[in-house]
Amino acid sequence: MPEIAAATTEPDAPPRRTKRRGGDGDAGKTGVWYPRWYWPSFITPGAIFLVLLFLLPFYVVFAVAFGSIDFSNFGQAVPYYAPWWWSFSTFNQTLTKFYVGSADYQAPLIRTFEYVIAASGICLVLGYAVAYYTARFATKYRGLILILLVSPFWISYLMRIYAWQGLLDTEGPINWLLSPLGFGGTNWLEGKSITVILGLVYGYIPFMILPLYASLDRIQESLLEAGRDLGGSGAQTFWRVTLPLSRPAILAGIVIVTLPMFGDYYTNDLLGTTKTSMFGNLISQQREQSGGSTRAASLVLILSVIVLIPMLYYLRETKRQAEQA
């Protein structure tokens with residue numbers, strides 16, 4: 001018995017490990033004991049940030065969209081913060097302009113989908129090629145390439161688009177380079193769709209490259225070697241191994257670039273005209289008009305529903321892939 005007592009009080013004896021309590025996912029595991037509130041408390045700062053800087057401002061948009069207008073005060077919006085006072089008349093009038101009568105809002109909406117799909121496709125093709133080369137072959141210059149990819153963020157997007165105005169001028173270097181092909185006198189800033197699409201690609205392609213690179217760089221070389229050992233060519237290994245493993249990053253990149261593209265308005269303001277106006281330009285134009293704040297807020301709500309669709313699809317796909325893993 002003295003030996004047992006001495007053993008239990010031995011200072012070098014390993015500490016006893018108890019079952020960890022604090023959630024259903026920890027059942028049956030051993031480790032340090034935590035109270036139930038410990039891990040959920042980590043989301044408190046983020047939850048406060050989300051409520052103060054997203055949910056409350058978004059509720060204000062609802063209050064403005066379903067509020068009224070004070071024409072005696074230069075058309076100033078009067079938000080209704082109490083839901084039981086909300087009026088849907090302005091929202092319904094805004095919604096009918098997409099499909100009733102002259103359908104003034106229909107063309108910018110369709111044009112936005114066309115531009116976003118085209119720009120996202122170009123970003124995916126070019127971005128995947130750059131990310132694949134950086135992750136697989138640019139071992140020596142990988143750091144330099146990543147710095148070059150991030151360096152555009154050091155300069156304001158507005159200033160970079162202003163620089164493109166000079167490049168695309170009729171007397172600019174772009175026309176000088178394209179003059180042998182017969183495009184020397186082209187005015188690229190007179191409302192051409194290709195100009196706005198390439199402007200969107202230029203502005204958002206880094207957001208496509210970075211998640212693709214992060215995913216491709218994590219693919220184990222042993223998986224690619226296994227594909228080649230099984231008789232697959234380089235192309236077959238890419239289509240059957242690399243591409244499926246990078247699919248979550250492709251979805252993430254598409255969501256990251258499409259969401260801001262839907263609300264973009266300054267790219268068209270600087271590189272296009274009213275002939276190439278997008279959905280974001282509708283919101284901007286309504287905001288500048290007298291009494292247009294409620295219509296602008298209504299357009300924001302409609303746009304929020306539109307961008308919610310790809311976001312929900314991305315969440316569903318990531319959940320399904322996590323369940324299959």
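Note: relative contact order over the chain, using C-alpha pairs below 8 Å and six or more positions apart, is 21 percent.
The heavy atoms of Phe49 present about 130 square angstrom of accessible area, all protein chains included, probe 1.4 Å. Using only side-chain charges placed at the Cβ, +1 for Lys and Arg and -1 for Asp and Glu, the dipole size of the stretch 22-153 relative to its Cα centre rounds to 580 debye.
Accessible area ranking (1.4 Å probe, heavy atoms, ligands and nucleic acids excluded), largest first, for Asp264, Asp229: Asp229, Asp264. Report note on the peptides 198-209, 166-177, 299-310: ranked by the mean count of other C-beta atoms within 10 Å, highest first, their order is 198-209, 299-310, 166-177.
Over the chain, DSSP H runs of length four or greater, each weighted -39,500 (n - 2.57), average out per residue to a 222 nm ellipticity of -19000 deg cm²/dmol.
Of Ser102, Ser68, Ser215, the order by accessible heavy-atom surface (1.4 Å probe, DNA, RNA and ligands excluded), from most exposed downward, is Ser102, Ser68, Ser215. Here's how it looks for Val78: its modeled amide H is under 5 Å from those of Ser68, Ile69, Asp70, which are all 5 or more places away or on a different chain. Rg of the Cα atoms in the chain, relative to 2.2 N^0.38 Å, amounts to 1.39.
Mean sequence separation of contacting Cα pairs (under 8 Å, at least six apart), scaled by the length of the stretch 240-300, corresponds to a relative contact order of 21 percent. Rounded to the nearest 20, the Cβ-based charge dipole of the stretch 215-325 about its Cα centre (Lys and Arg +1, Asp and Glu -1) stands at 320 debye. Hydrophobic, long helices, defined as DSSP H runs whose alpha-carbon span along the helix axis is 24 Å or greater and whose mean Kyte-Doolittle value is at least 1.0, occur in the chain at 193-218, 247-263.
The values are calculated or read from the model by the stated rules, or taken from the named source; none is laboratory data. Quick caveat, the model's predicted, so the values are computed rather than measured. Quick reminder, even Gly has a Cβ in these numbers, built from the backbone with ideal geometry, and neighbours come from all protein chains shown. For accessibility, only protein heavy atoms count, side chains too; no ligands or nucleic acids. Shrake-Rupley method; radii C 1.70, N 1.55, O 1.52, S 1.80 Å.
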